[in-house]
Amino acid sequence: MDRRWIAGLSWLFIAWTCQAQDGGKADRPTPEQARQEAARWSHTAVADIQRMHQMIREAHPAVLDPGASAFHQWFSEGYDQAMALAGRAATEQQAFAALRFYTTGYRDGHLAIWRNHHAATPVRTTWAGWAVQRQAGRYRVSGRAAQWPIDTPQVGEQVLSCDGIPIDDLLTDKVAPFVNRLVHLEGTKSDLAWHLTRESPSAPLWEPLRVRQCTTRSAAGEIRSFNLAWRPLDDKDARALARPRAPRQGIKEVRPGVQWVQASNFMPSSEKAMAAFEKMLEGIRQAGDAQAVVLDVRGNGGGNSLLGYRILMALLTDAITQGATQHSQARAYWRVSAMALEAFEERRTQLLRTEGAGSLVYQFTQQMASLMGDAASRGEDFVEQPQVDETHKELQQDTAAARANPFKGKLVLVTDAQCQSACLDFVSAALQIPGIVHVGSMTGTDTQYTDVADKALSPTVTFRVPLKVWKNHGRQDKEGKPYLPQFVFDGDLADTAAVQAWVLDSILPTAGNIQLD
């Protein structure tokens, strides 16, 4: 089995809901109380950044790699910058923004920090009555309030600039340092766009953006200008800001002879979710006679790479095995640390409950935990990741059907900008199949550092750090380059009905069958 298929097991180690403020006015603090409050949050931010820095030092593989120059530069200089910023934090929002400033500087989605369900200081979400998302390479209005005191742009209008500054420039300068600095990615641009007309308590900026005027282009090409009025978000308008939900996982015959595989979840967290995955796999095993199969990973942000591997093996065992051989030089190494040992033990306990001792992923996790423990007792810094057992009954079940009745029809892969980690492992392997047609949107990217441990900095803040490094991976996504589709969907990729109609009516009629030897 290709070692890269275990790159996305980050979910193995995953161990401020907005609350409405009271209607009454709070007593204004005295100058001394305000000074003490500011000092408290400054002290908290400084202490948290110090703890994160120490966790990275103890567990991140790049710390022991002198050749990781960009990492070491930010580990030193970025730490100093973040500590200086934390020293100036005067509120809970600024304290958390300082932490995010530090983590985003590593430019790695596997090194991150986020708020949990409760903030120490309840803060309402404030917005301008309309929401913005990145769609098909443009910033577009994705939702608007049912009523607002001033005029707002229509859904679908393109947003060109705000306060006289082009949107890309505004978001890169004011938002990205506290949210995500990978501004060459469509997924990042969409994440940043949420902040254009919204102030989120879960992801605060150092200073509120609060743009005053925006320029848009209507569907008819008219250039329009809108002033912005900021108000607290009411429950009735929350749907205008809601992020699209990932499509439900499963397999369905959307037209006679066309099987649509919705692989949106590689991170099942319960026995029920795992049973649903196995049911989908059974449908894939029976798809050998289909005229076309669509592999749709919209909404898939990663998880367990073995799930993606099993999907492809159940459909096209021999093609996937041949593709894996081309990358046989890839090797993965786990840094030995107390954090990694603890993470393996926690996940092993969880897997025993949800999947059982006989499952492939449990046995792999148990093997890694044992290897990690042995390496720690010998004082070693790294342990090499072993191959997965190809003779395991789960993989044997997947491959038997594919070899008995191999799929030979048209194959389409649909991606969106949120695809990362284990989703990228899936995409990388699928694109090795000759004749596959890749459509949708560019994917996200990875670095060579994967598989994470999550640690609580406080009851409200969780920190994530990667534990594993890949060598000789031979993949563009691990070098910061996304996979680009052959055909881009010029619409809302969250609209499943529209995506399916496009694939069925515009892509499949001109696609050819996959080209297997």
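Data for the structure
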quantity	calculated
Looking only at segment 143-172, and only at residues there that are touching a Pro at 6+ places or on another chain (Cβ under 9 Å) and closer than 25 Å to Pro201 by Cα, the one that is surrounded by the fewest Cβ atoms within 10 Å (Cβ to Cβ)	Arg144
Segment 54-70, residues that are under 23 Å from the mean Cα position of the chain (by Cα), in a helix (DSSP H, G or I) and either polar (S, T, N, Q) or buried (at least 17 other Cβ atoms within 10 Å of the Cβ) (or both)	Met55, Ile56, Ala59, Pro61, Ala62
Selection count, segment 262-292, where residues are among the aliphatic types (A, V, I, L, M), over 20 Å from the mean Cα position of the chain (by Cα) and surrounded by 13 or more Cβ atoms within 10 Å (Cβ to Cβ)	8
Condition met for Ser377 (modelled with pLDDT under 95 and either hydroxyl-bearing (Ser, Thr, Tyr) or touching a Cys at 6+ places or on another chain (Cβ under 7 Å) (or both))	no
Unmet requirement for Leu307, which otherwise passes all of (1) crowded, with 23+ Cβ neighbours inside 10 Å; (2) not in a helix (DSSP H, G or I)	(2)
Positions within segment 364-391 being of a type outside the set (A, V, I, L, M, F, W, C) and buried (at least 18 other Cβ atoms within 10 Å of the Cβ), in sequence order	Thr365, Gln385
Residue list for segment 436-480, restricted to those being modelled with pLDDT of 95 or more and at positive phi	Gly440
Segments classed as helices (runs of 4 or more DSSP H), wholly inside segment 330-433, with at least 1 members that are over 19 Å from Pro268 (Cα atoms) and among the polar types (S, T, N, Q)	360-377, 393-404, 422-430
Answer residue from segment 449-486, given it is assigned to a strand (DSSP E or B) and aromatic (Phe, Trp, Tyr) and is farthest from Ala68 (Cα to Cα) among those	Phe463
Scope segment 351-384; condition within 25 Å of the chain's Cα centre (by Cα) and either among the aromatic types (Phe, Trp, Tyr) or within 16 Å of Tyr333 (Cβ to Cβ) (or both); matching residues	Tyr362, Phe364, Met368
Filter pass, Ala203 being outside the structural domain of Phe101 (by TED's automatic domain parsing), closer than 24 Å to Trp114 by Cα and in a loop (DSSP other than H, G, I, E, B)	yes
Residue tally, condition of a type in the set (Gly, Ala, Ser) and either under 20 Å from Arg243 (Cα atoms) or not assigned by TED's automatic domain parsing to the domain that holds Val261 (or both), over segment 290-302	3
Test: residue in segment 134-142 that is of a type in the set (A, V, I, L, M, F, W, C), within 30 Å of Leu467 (Cβ to Cβ) and either touching an Asp or Glu at 6+ places or on another chain (Cβ under 8 Å) or at pLDDT 95 or above (or both)	no
Residue satisfying all of: in segment 427-447; closer than 21 Å to Pro406 by Cα and in contact with a Phe, Trp or Tyr (Cβ under 9 Å, 6 or more places away or on another chain); surrounded by the fewest Cβ atoms within 10 Å (Cβ to Cβ) among these	Leu431
Residues (surrounded by fewer than 18 Cβ atoms within 10 Å (Cβ to Cβ) and part of a helix (DSSP H, G or I)) located in segment 173-190	Asp173
Any hit, segment 71-85, residues being outside any helix (DSSP H, G or I) and surrounded by fewer than 22 Cβ atoms within 10 Å (Cβ to Cβ)	no
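The values are calculated or read from the model by the stated rules, or taken from the named source; none is laboratory data. Please read all numbers here as calculations on a predicted model, not as lab measurements. Heads up, the Cβs are rebuilt from the backbone with ideal geometry, glycines too, and the neighbour counts pull from every protein chain shown.
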